[in-house]
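Okay, structure first, notes after.
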Amino acid sequence: MNTPESREGNLFRYAVYVIGYLMAIGVVKLVTNKAPLHIWDLILFLLIAVMVLLFYIYRFNREQRFFERLFSLPWLGDFGLTVGLTLAITATKIMVMYLQSYNRISWYGFQITYLKHESTHMFWFLILAYGIVLPILQEFLATGFLFNYMFRKNTVATAIAGIITSGILFSILNFQASLPLLVINACYGMLFAWSYLYTQTLWMPVYLAVVAGVITVIMI
């Protein structure tokens, strides 16, 4: 029960992490559905977000001692890769926004919520929540902990299965009532998972997820 080798322990730990994420996103939904924003709602969000994030970081760092890392590429160790992925995400997000503007695909749920309660304070809250906090938590769940617990073998088949599973889970965590958006989010999730396997550091998918989240909010 005390190491990532234990299936029962992994299931229990992962369930706890999911509950923490549901608490964070639940508070986000509570805040965004109110107009105007209330200071106590923001304080509640910050408390929950910081608590869950610190818990994730502590647990993830603690579990790394059970794994033998053959290498770990620094976040900016391959500058060309970082720039290339950043530009790719930016370009595809612009394309998604273009399709949304012509009603080819649906808007994200929080974008619709913002249009109902449009304000400067709401915009900056969405930047913080959907642009930064939630993407970080999602990458711990959909990439870090997932690969630690379920896809640990150093084989191509395991890597492919892990990437696909991670993409699906990322899409579920960002659930949208639109098939095209679900597929788009799954593709982003798989890209983030691949970047994790390539660099062997969680900083890369976290960075990419935050970039994608912030751009999505900015383009409301």
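One line per residue, one yes/no per condition, for (1) closer than 25 Å to residue 78 by Cβ; (2) over 12 Å from the mean Cα position of the chain (by Cα); (3) surrounded by fewer than 15 Cβ atoms within 10 Å (Cβ to Cβ); (4) modelled with pLDDT of 95 or more:
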{"residue": "108", "(1), (2), (3), (4)": "no, yes, no, no"}
{"residue": "113", "(1), (2), (3), (4)": "no, yes, no, no"}
{"residue": "119", "(1), (2), (3), (4)": "no, yes, yes, no"}
{"residue": "155", "(1), (2), (3), (4)": "yes, yes, yes, no"}
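In segment 140-149 there is at least one residue matching the filter, namely being open to solvent by 20 Å² or more (accessible area, probe 1.4 Å), assigned to a helix (DSSP H, G or I), more than 26 Å from residue 101 (Cβ to Cβ) and not β-branched (Val, Ile, Thr).
Scanning segment 27-56 for residues that are open to solvent by less than 70 Å² (accessible area, probe 1.4 Å) and in contact with a Ser or Thr (Cβ under 7 Å, 6 or more places away or on another chain) yields a single hit, 32. Restricted to segment 167-192, and to residues there that are under 15 Å from residue 100 (Cβ atoms) and outside any loop (DSSP other than H, G, I, E, B), the residue that is most open to solvent (accessible area, probe 1.4 Å) is 179.
Does segment 153-166 contain any residue that is in contact with a Gly (Cβ under 8 Å, 6 or more places away or on another chain), part of a helix (DSSP H, G or I) and under 26 Å from residue 48 (Cβ atoms)? Yes - at least one qualifying residue is present in segment 153-166. Among the residues of segment 198-220, those identified as out of contact with any Ser or Thr (no Cβ under 9 Å at 6 or more places or on another chain), part of a helix (DSSP H, G or I) and surrounded by fewer than 20 Cβ atoms within 10 Å (Cβ to Cβ) are 198, 203, 210, 214, 218.
Candidates 125, 140, 175, 145: the one that is aromatic (Phe, Trp, Tyr) and without any contact (Cβ under 8 Å) to a residue 24 or more places away in the chain is 175.
The listed residues are 79, 12, and the only one of them that is open to solvent by 80 Å² or more (accessible area, probe 1.4 Å), at pLDDT below 85 and over 21 Å from residue 110 (Cα atoms) turns out to be 79. The lone criterion from (1) outside any helix (DSSP H, G or I); (2) more than 16 Å from residue 216 (Cβ to Cβ) left unmet by residue 106 is number (2).
The values are calculated or read from the model by the stated rules, or taken from the named source; none is laboratory data. Keep in mind that this is a model prediction, so the values were computed, not measured. Positions of Cβ are generated from backbone atoms using ideal geometry, with glycine treated the same way; all protein chains shown enter the neighbour counts. Ligands, DNA and RNA are excluded from the accessible area calculation, which covers all protein heavy atoms including side chains. Shrake-Rupley method; radii C 1.70, N 1.55, O 1.52, S 1.80 Å.
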